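Novice: Right, I'll just put the structure down here and ask away after.
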Amino acid sequence: MALYSEKVMDHFRNPRNVGVIEDADGVGEVGNAVCGDIMKIYLKIEDNIVTDVKFETFGCGSAIASSSMATELIKGKPLSEVLKLTNKAVTEALGGLPAHKLHCSVLAEEAIQAALKDYYDRRGMNYDPKKFLDSSSYEDFHR
Ligand code: FES
């Protein structure tokens with residue numbers, strides 16, 4: 001069996017939503033200290049809906065495919081759903097990732113959450129930290 005699914009290869013070779021949103025409403029940048037890869041997500045939000053999303057990823061093919069898939073999964077979605085996007089959902093949508101590449105999909109989840117927090121912070125809006133996924137659960141993937 002091939003190491004990477006056709007979907008992973010497709011999103012790696014032809015990533016969706018690459019770029020920058022200059023007037024983004026929320027921007028999130030995260031990195032993985034072990035591999036050094038960095039992911040940045042830009043959100044445009046209107047009426048609690050993600051109307052546009054772009055990403056810049058300086059990282060491996062799995063990170064690029066994960067960013068691409070994650071942006072597709074949240075585009076047009078209400079923030080309540082975006083908050084719930086897990087790396088597991090991204091991985092499943094990609095048709096799976098090898099175990100040693102799961103941390104790449106975690107970057108996508110973390111970057112989206114960071115961008116949402118930035119959106120709430122910029123607007124001075126209160127948010128319930130408990131609604132954000134617990135980053136301590138990522139520990140295993142970061143090693
Ligand atoms: Fe670091 Fe993929 S190897 S994000």
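Novice: Given contacts defined as C-alpha pairs under 8 Å and at least six residues apart, what's the relative contact order of the stretch 65-135, whole-number percent?
Specialist: Relative contact order here is 37 percent.
Novice: For the stretch 56-116, what is the convex hull (Cα atoms) projected area averaged across all directions, in square nanometres?
Specialist: 3.8 nm²
Novice: Just to be sure I follow: if Rg is taken over the C-alpha atoms of the stretch 1-129 and Rh is the Kirkwood radius over the same atoms, what is Rg/Rh?
Specialist: Radius of gyration over Kirkwood radius for the stretch 1-129 works out to 0.96.
Novice: Say we join alpha carbon atoms closer than 10 Å with springs in a Gaussian network model of the chain; which of 22, 46, 109 then has the biggest fluctuation?
Specialist: 22
Novice: To test your reading of the geometry: what angle, between 0 and 90 degrees and rounded to tens, separates the Cα axis of helix 102-122 from the longest principal axis of the chain?
Specialist: It works out to around 10 degrees.
Novice: Moving on to the next point. Quick one: which of 7/84; 44/117; 75/130 span more than 18 angstrom between C-alpha atoms?
Specialist: Among 7/84; 44/117; 75/130, the Cα-Cα distance tops 18 Å for 7/84; 75/130.
Novice: Using modelled backbone amide H atoms (1.01 Å from N, in-plane), which distant-in-sequence or interchain residues come within less than 5 Å of residue 45's amide H?
Specialist: Distant-sequence amide H within range of residue 45: 25, 51.
Novice: Provide the gained length on full extension for the span residue 72 to residue 3, in nm with one decimal, where the gain is 0.36 nm per separating residue minus the Cα-Cα distance.
Specialist: Full-extension gain reported as 22.6 nm.
Novice: Just rank 62, 5, fewest to most, by other beta-carbon atoms within 10 angstrom.
Specialist: The fewest-first ordering by Cβ neighbours comes to 5, 62.
Novice: Can you show me the helix-derived [θ] at 222 nm for the chain, built from DSSP H runs with n ≥ 4 at -39,500 (n - 2.57) apiece and divided by the number of residues, rounded to the nearest 500.
Specialist: That comes out to -12000 deg cm²/dmol.
Novice: Can you put 104, 35, 60 in order of Cβ neighbours within 10 angstrom, beginning with the fewest?
Specialist: Ordered by Cβ neighbours within 10 Å, fewest first: 35, 60, 104.
Novice: Okay, moving on. Rounded to whole Hz and in sequence order, give me ³J(HN,Hα) for the stretch 61-73 from the Karplus expression 6.51 cos²θ - 1.76 cosθ + 1.60, θ = phi - 60°, writing x for Gly and Pro.
Specialist: So the J values, rounded to whole Hz, are x, 5, 5, 5, 4, 5, 4, 4, 5, 4, 5, 5, 6.
Novice: Right, something else. For the chain, modelled as a Gaussian network with Cα springs under 10 Å, which listed residue fluctuates most, 115, 65, 93?
Specialist: So, out of 115, 65, 93, the one fluctuating most is 93.
Novice: Subtract the Cα-Cα distance of residue 38 and residue 88 from 0.36 nm times their separation in residues, and report this length gain in nm to one decimal.
Specialist: Gain in length upon complete extension: 16.1 nm.
Novice: If I model a spin label as a point 7 Å beyond the Cα along the Cα-Cβ vector, how far apart are those points for residue 48 and residue 20 in nm?
Specialist: 3.2 nm
Novice: Assigning unit charges at the beta carbon (Lys, Arg +1; Asp, Glu -1) and nothing else, what dipole magnitude in debye, to the nearest 20, does the stretch 18-76 show about its Cα centre?
Specialist: 240 debye
Novice: So, one more: If you build a Gaussian network model of the chain, linking Cα atoms that sit under 10 Å apart, which residue out of 23, 128, 118 swings the most?
Specialist: 128
No lab work stands behind these numbers, since they all come straight from the coordinates. Since the model is a prediction, treat every value here as computed from it, not as a measurement. FYI the Cβ positions are ideal-geometry reconstructions off the backbone, even for glycines, and counts take in every protein chain you see.
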